[in-house]
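One structure is given here, and the rest of the page talks about it.
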Amino acid sequence: MDNLKSEETEIVLFDITLGDFLVFINWMNRSERALTQAESLPPPPPVTSSKILEWIHLIHRLEERARQAEKHTRSAEATALEQEIKLKHFLSSLHVSIASLYEHLGDTHKAAELRRKVDALPCG
């Protein structure tokens, strides 16, 4: 009996009606479909329970954070790819310059070997 009273007290503290809870569950189902299809969350449902409104706002904030994190990740990946391409270009230029230096010093064998290595490098 005490257990039942404690559950009733919790429900009163949350101020959640069965109707609001069912509306929230329906909204969660629509939200799941929207997120699965990479769409925005549906607008908040008309509920009176402050606790359910808190849950909905929390889910909206988490969804927004996830979108921002995805955007930052894509941006960082693009930047890293650009930097990798630049680095490959600079390394290739450095090797070509060193090969030219070897040629000017009269070591054509080392210059040719270095140019073969440059030609074998994967292009960015």
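Here are the numbers for this structure:
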quantity: Per-residue HN-Hα couplings for region 92-99 [Karplus 6.51, -1.76, 1.60; θ = phi - 60°; Hz; x = Gly/Pro]; calculated: 4, 4, 4, 4, 5, 5, 5, 4
quantity: Per-residue Cβ neighbour rank within 10 angstrom, fewest leading, 113, 103; calculated: 113, 103
quantity: Gain on full stretching of the segment that runs from residue 33 to residue 107 - 0.36 nm per residue minus C-alpha separation; calculated: 19.9 nm
quantity: Charge dipole (debye, nearest 20) of the chain; +1 at Cβ of Lys and Arg, -1 at Cβ of Asp and Glu; calculated: 780
quantity: Cα shape, the chain, gyration tensor, a/c 1.5 rule; calculated: prolate
quantity: Estimated FRET transfer efficiency (residue 120, residue 77; beta-carbon r; R0 22 Å; 0.05); calculated: 0.25
quantity: Contact order normalised by residue count of the chain, Cα under 8 Å, 6+ apart, percent; calculated: 17
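Read-outs throughout are calculated quantities, based only on the coordinates presented, and are distinct from any laboratory measurement. In this text, all values refer to a predicted model and were calculated from it rather than measured experimentally. A quick note on method: Cβ atoms are made from the backbone with ideal geometry, for glycine too, and the neighbour counts reach across all protein chains shown.
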